[in-house]
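A.B. asks: Below you will find the structure I want to go over with you.
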Amino acid sequence: MKSLYNYAFFDEGSKREIRRASLKAIAIPGYQVPFASREMPIARGWGTGGLQVTLSLIGKSDVLKVIDQGADESVNAVNIKKLVGKTTGVETTEETERATLIQSRHRIPETPLREDQVLVLQVPIPEPLRFVEPSEETTKRLHAEADYSGAYLLLFEQIMRYGRVSTGADHPVEVRDRYVMAPSPIPRFDNPKMDHSSALILLGAGREKKIYAVPPYTRVVSLDFEDHPFEIEDVTGRVCRQCGAVDVYFDELVDEETGETFFQCNDTSYCLARMNAEADR
Amino acid sequence: MNKIVLQVKELGKRFGEGCPRCSGGDPTALERNYCPACGTVYALSDVSLDLFESEVLGIVGESGSGKSTVLNCLYFDLEPSGGEAFIAQYKNGNESIFSGSGQTRRYIRNHVFGKVYQNPVLGLKMKFSSLANIAEKMIAAGNRNVGAMENRARELLTHVSIPHHRMKEAPANFSGGMQQRVQIAKALSNNPPILLLDEVTTGLDLSVQARVLDLVKQIQRELSISMLLVSHDLGVVRMLADRTIVMLNGRVVERGLTDQILEDPQHPYTQELVYSLL
Amino acid sequence: MGYVAIKGGTAAIEASIARLAYERTKGGTVLDVDRVLGGMRALIDQVMSESSLYSEEVAAICIKQAEGSPEEAVFTMRAFRSTLPRKHYSNVVESDSMRVERRISATFKDIPGGQILGASYDYVHRLVDFAMSEETDQSATEWLTAWHDATSGTPSATASAEPGRLPKVLDYLRDRGLMKRVEVDHTEPKDVTKEALSFPTSRSERLQVLTRGQTGTVTSLGYASLRGYGPLLHPTVAELRVGYLPITIADPFVDEADGTDDEDAYYIGEVKVTEVESVVPVAAPRGEGRSEIEFDIGYGICLGQNETKAIAMSLLDQCLQHPDPAFPTHDEEFVLLHIDSVEATGFISHLKLPHYVTFQSNLDSVRRSRNSKQASLADRDVDLPPAPGGGV
């Protein structure tokens, strides 16, 4: 018994359905469009939302880059790249500049993206109000009525308790003055990259069956208060031990021999490009 | 006389579909407020009232008389089956607030009304700090300044005698009386012109009751807020309300100045209520 | 300085995959798919039911590939199902057309058509049969021959009842006015695998999600509802049937508008299912303040023989028809969003993925809040749990 999988895994009907949901998402920036998320050959929670978006879009001339936690070689990235490669045969790359389609988990690349690139982000929990309200029926109504006091209340409560906003990654954003959206668990450092991004950003949540989008050049504002402005992670004084970069998002590592803490670019391909440019000089 | 701040006309709330026997509005078709033919409950029938500026209007009645349902409908916790309500802040009082969209309703909840529930669980986020509980209404009303909201919340909590060092605590840790006082502070946070109070002292110890009632009285005096005060306890109404409405089986059976109702009750039910007080 | 390459990932992953293949084959013997088909009927049925794909062959391959893990086998089969074009929806199947192999009722001692025990583990003792380790193909064949000889002439042993011959127990209750009469509803059901759920759901959507639910989860939630997380109404299994349902599709060349009748339908095969109809006593208002007790129905159906799951499904179906925020088993979002094997196992297992970036971001918040706490301790330092929220 033998079976051949279609180009890009899905049957064409499924791909069209996912593209329709993506188009709707682009038309209503920040709004979570429900879609009939398919079961995928990789596990729910391992990027099936992003993968479905990628597979529905990818054409034979696309160049694909997949990153997880800033690294092209992380297990999740390798896995997804392998699957897309196996079912499409498209070229893959580690260089951000060369890619036309970039699927990422938890990071937006350091290299600024262009208009001819699409960034697909993997989303575990697309509902920014889920921690305020467990019921999907209720959060849907809150979005419809633009009632986002719950999201602000969480931030306010953090300030009361800890003296400052204590969100880690996935700090909620408001898109084009309307929908509040979970930017996926990217660090706060990456939130400003979404604002007026040249590249289209599509966000896919497979298990929760939602697709949403930030179209190019769209206003994206991280939620904050007048007297507690949004803050990115503090990277002052940190320098990449490998390439000397500053003002990037870092991995914190420990030198096994000396026990000293040191820093390295989290975006491995960015770091590599800098080192190779240095070597060429 | 002062001007009217809230006008309720022929408010009705029905639980059930109704049937030919009961839907005509004939009270004799019902057993109390219940239709024996189809099981429909008429929680409110034809309730009208006017609330004047800086007045306290009491609503008394036994449990099940519909008095809390009036507040629930006005605060949009329940969708009324019929009737209208007008406030000056919405379309100059020309359109019923029940015709408003979800967004309008939220605006009215956040800017025009403050409500204190009998059960603090309904009015407070028990696990959030008391300060955040007060701020919630201000956030909902569009305030985005933490310092200003915190100051206002501290001022209000001080006003209701919550000690400074406990303001960051969650109401879940508080006694019933303290929870009620946090609720009152929350209801006041946006300076609403109208306060809805639902059995605010029920279930509290007598001494605590007295403190909460004193607080309500003081607020009313200082801020001249109009209040709709629901209670099954004529004593509470006697202490606070200028005028009183008596409800039975979802209908208003008597209305007038509180003193007058206490001195000379007309309806047999009111008479029973007044005599039991003596 | 020469060209620097990122290293690590790909090679390590390839080695891990090879190691997995080694684990499956290291004994020097591999499972024959035919043997899975022959000897693992129960697992195949469970996997087909949770996958909502009826193919014993694909299920057997997936079971072999997954070394017998139902979680993995279902996962693989579901992913395969995603790639299949769906060209037809079957015609409505009336379940009394079932070719019945087993049929029991707990409501009446004697039911019209009689109880048919069929094949079931219900009546065996769960004693380890050590002879199993000695069993050979030959000894099995001998047993079979002897069984055939002994039962020849008694058709009930292998043949199943003629379709349409067994009346439904529920019809008996309906005919006597003890069941709520319901109008036949021909609304086209939504396909939950093609359209995302939106709440509140329709009953057809709930039944679809329940029937593909993870067997253990469906059982546990059904058990919880029975044990007290619900209004304690003891249900009774009116009828449990196991058998084959004929599946037909409408003639694709006849325009639906012209009307299609059963004569034009194409028979495309049959599927084995377990069907359960439970009855639960409920109060029904009868006017004049009176109520009567009548029976409510809970419905369960699963691909394959999955009796516990089908019964539990019928309980949950009845629960969800009576929403009650007091009980999780009566809350459709709670039940339907957590019952799926692929979703639950996927999200749990994603915790194994690296979370360096989010953790680094959390670390930043922790360090900052430490600093600001030291700066001002004006308020009494209350011991509070961390605020909700944060990255995943």
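A.B. asks: Would you please classify the overall shape of chain A from the alpha carbon gyration tensor, given that a ≥ b ≥ c denote the square roots of the eigenvalues, rounded means a/c under 1.5, and beyond that prolate means a/b larger than b/c while oblate covers the rest?
C.D. replies: It is oblate, given that a/c is not under 1.5 and a/b is not larger than b/c.
A.B. asks: Report the charge-dipole magnitude of the protein assembly as shown in Debye, nearest 20, computed about the Cα centre from +1 at each Lys and Arg Cβ and -1 at each Asp and Glu Cβ.
C.D. replies: Details: 102 positive and 132 negative charges, 398 e Å.
With only Lys, Arg, Asp and Glu charged at Cβ, the dipole is about 1920 debye.
A.B. asks: According to a simple spin-label model (label point 7 Å from Cα along Cα-to-Cβ), what is the distance in nm between B:Asn92 and A:His196?
C.D. replies: That separation, rounded to one decimal, is 4.3 nm.
A.B. asks: In the stretch C:214-243, whose amide N lies under 14 Å from the spot 7 Å out along Cα-to-Cβ of C:His322? List them in ranges.
C.D. replies: Label zone hits: C:225-236.
A.B. asks: By how many degrees, between 0 and 90 and to the nearest 10, does the Cα long axis of helix B:206-223 differ from the longest principal axis of chain B?
C.D. replies: Tilt of helix B:206-223: around 80 degrees.
A.B. asks: Any aspartates and glutamates with Cα under 16 Å of the C:Lys64 Cα? List them, leaving off those in the same chain fewer than 8 positions away.
C.D. replies: Qualifying aspartates and glutamates at Cα under 16 Å: C:Glu23, C:Asp32, C:Asp34, C:Asp45, C:Glu56, C:Glu72.
A.B. asks: A follow-up question, please. Take the Cα pairs of chain C, get the Kirkwood Rh, then feed it into Stokes-Einstein at 25 °C and 0.890 mPa s and tell me D in µm²/s.
C.D. replies: Details: Rh = 25.5 Å.
Result for D is 96 µm²/s.
A.B. asks: If you don't mind, another one. Which of C:Ser95, C:Ser139, C:Ser314 moves the most in a Gaussian network model of chain C with Cα springs under 10 Å?
C.D. replies: It is C:Ser139.
A.B. asks: Which FRET efficiency value, to the nearest 0.05, do you get for B:Glu84 and C:Leu117 by plugging their Cβ-Cβ distance into 1/(1 + (r/R0)^6) with R0 = 56 Å?
C.D. replies: Once rounded, the FRET efficiency stands at 0.25.
A.B. asks: Quick one: net charge of C:Ser52's neighbours, Cβ under 9 Å, K/R +1, D/E -1?
C.D. replies: Residues close to C:Ser52 contribute a combined charge of +2.
A.B. asks: Taking the beta-carbon count within 10 Å as an exposure proxy, list A:Val63, C:Val276, B:Val56 from fewest neighbours to most.
C.D. replies: Exposure proxy ranking, most exposed first: A:Val63, B:Val56, C:Val276.
A.B. asks: Could I have the simple spin-label model distance between B:Cys19 and C:Asp137, label points 7 Å from Cα toward Cβ, reported in nm to one decimal?
C.D. replies: Going by the 7 Å Cα→Cβ label model, 7.2 nm.
A.B. asks: What is the antiparallel percent of DSSP beta bridges lying wholly in the stretch A:17-137, to the nearest 5?
C.D. replies: 10
A.B. asks: Hey, another quick one. Taking only pairs that are 8 or more places apart or on different chains, how many Lys pairs in chain B have Cα atoms under 17 angstrom apart?
C.D. replies: 19
A.B. asks: Next question. Once you have a ≥ b ≥ c as the square roots of the Cα gyration tensor eigenvalues for the protein assembly as shown, tell me rounded if a/c is under 1.5, and otherwise prolate or oblate according to whether a/b is larger than b/c.
C.D. replies: oblate
A.B. asks: Another question, then. Of the trypsin sites (Lys or Arg not before Pro) in the stretch C:39-138, which ones lie in a loop per DSSP and count no more than 11 other C-beta atoms within 10 Å? All intermediate terms of the calculation are to be shown ahead of the outcome.
C.D. replies: Numbers: sites: C:Arg41, C:Lys64, C:Arg78, C:Arg81, C:Arg86, C:Lys87, C:Arg99, C:Arg102, C:Arg103, C:Lys109, C:Arg126; in loops: C:Arg86, C:Lys87, C:Lys109, C:Arg126.
For trypsin sites (Lys or Arg not before Pro) across the stretch C:39-138 that sit outside H, G, I, E and B with at most 11 neighbouring Cβ atoms in 10 Å, the list reads C:Lys87, C:Lys109, C:Arg126.
A.B. asks: As an exercise, identify the chymotrypsin sites (Phe, Trp or Tyr not before Pro) in the stretch A:119-163 lying in DSSP coil whose Cβ has no more than 12 other Cβ atoms within 10 Å.
C.D. replies: Loop-located and lightly packed - none at all.
A.B. asks: Oh, and also: C:Tyr266 label point, 7 Å along Cα→Cβ, cut-off 14 Å on backbone N: hits in the stretch C:44-87?
C.D. replies: C:86-87
A.B. asks: A further question on this structure: Out of C:Asn91, C:Asn371, C:Asn362, any idea which swings most in a Gaussian network model of chain C, alpha carbons joined below 10 Å?
C.D. replies: C:Asn371
A.B. asks: About the Cα centre of chain A, what is the dipole size in debye to 20, counting +1 per Lys and Arg Cβ and -1 per Asp and Glu Cβ, all else neutral?
C.D. replies: So the dipole magnitude of chain A works out to roughly 1480 debye.
A.B. asks: Sticking with this structure for a sec: Find, among the chymotrypsin sites (Phe, Trp or Tyr not before Pro) in the stretch A:173-275, those assigned to loop by DSSP (not H, G, I, E, B) with at most 14 other beta-carbon atoms within 10 angstrom.
C.D. replies: When the chymotrypsin sites (Phe, Trp or Tyr not before Pro) of the stretch A:173-275 are filtered for loop state and at most 14 Cβ neighbours within 10 Å, A:Tyr217 remain.
A.B. asks: Among C:Trp143, C:Ser82, C:Gln360, whose Cα sits farthest toward the positive end of the charge dipole of chain C (+1 at Cβ of Lys/Arg, -1 at Cβ of Asp/Glu, about the Cα centre)?
C.D. replies: The residue sitting most towards the positive pole is C:Gln360.
A.B. asks: Per residue of chain C, what 222 nm ellipticity follows from adding -39500 (n - 2.57) for every DSSP H run with n ≥ 4, rounded to the nearest 500?
C.D. replies: -12000 deg cm²/dmol
A.B. asks: Where a ≥ b ≥ c are the square roots of the eigenvalues of the C-alpha gyration tensor, would you call the stretch A:149-249 rounded, which needs a/c under 1.5, or, failing that, prolate if a/b is larger than b/c, or oblate?
C.D. replies: It is oblate, given that a/c is not under 1.5 and a/b is not larger than b/c.
A.B. asks: Also, I was wondering about something else. Within 13 Å, Cβ to Cβ, of A:Phe10, how many net charges do the neighbouring residues add up to if Lys/Arg are +1 and Asp/Glu are -1? All intermediate terms of the calculation are to be shown ahead of the outcome.
C.D. replies: Details: positive: A:Lys15, A:Arg16, A:Arg19, A:Arg38, C:Arg81, C:Arg86, C:Lys194; negative: A:Asp11, A:Glu12, A:Glu17, A:Glu39.
Neighbour charge sum, excluding A:Phe10 itself: +3.
A.B. asks: Treating each Cα of the stretch C:66-143 as an identical point scatterer and ignoring solvent, apply the Debye formula and state log10 I(q)/I(0) at q = 0.12, 0.17, 0.18, 0.27 Å⁻¹.
C.D. replies: -0.86, -1.08, -1.06, -1.21
A.B. asks: Further question on the same structure: Please check chain C for the longest run free of GluC sites (Glu not before Pro) that are loop-located per DSSP (anything but H, G, I, E, B) and have at most 15 other Cβ atoms within 10 Å.
C.D. replies: C:289-392
A.B. asks: Once the dipole of the stretch A:12-222 is set up with Lys and Arg at +1 and Asp and Glu at -1 on Cβ about the Cα centre, which of A:Gly30, A:Gly168, A:Ser222 lies farthest towards its positive end?
C.D. replies: A:Gly30
A.B. asks: Looking at the stretch C:51-209 from every direction and averaging, what is the projected area of its Cα convex hull in nm²?
C.D. replies: One quarter of the hull surface, i.e. the mean projection, equals 15.0 nm².
A.B. asks: GNM on chain B, C-alpha springs below 10 Å: top fluctuator among B:Leu204, B:Leu188, B:Leu248?
C.D. replies: Largest GNM mean-square fluctuation: B:Leu204.
A.B. asks: Here is a follow-up. Once you mark the GluC sites (Glu not before Pro) that are in a DSSP loop and have at most 15 other Cβ atoms within 10 Å, what is the longest gap between them in chain B?
C.D. replies: B:96-278
A.B. asks: Taking the Cα centre of the protein assembly as shown as the origin and placing charges on Cβ (Lys, Arg +1; Asp, Glu -1), which of C:Gly222, A:Ile42, A:Ala213 is farthest toward the positive end of the dipole?
C.D. replies: Towards the positive end, the residue furthest out is A:Ala213.
A.B. asks: Add +1 for every Lys or Arg and -1 for every Asp or Glu among the other residues with Cβ under 14 Å from the Cβ of B:Leu215, and state the total.
C.D. replies: +3
Values quoted throughout were computed directly from the atomic coordinates according to the rules given, and no laboratory measurement underlies them. Just so you know, these numbers come straight off a predicted model, no measurement behind them. Neighbour counts are summed over all protein chains in view; Cβ atoms, including those assigned to glycine, are modelled from backbone coordinates with ideal geometry.
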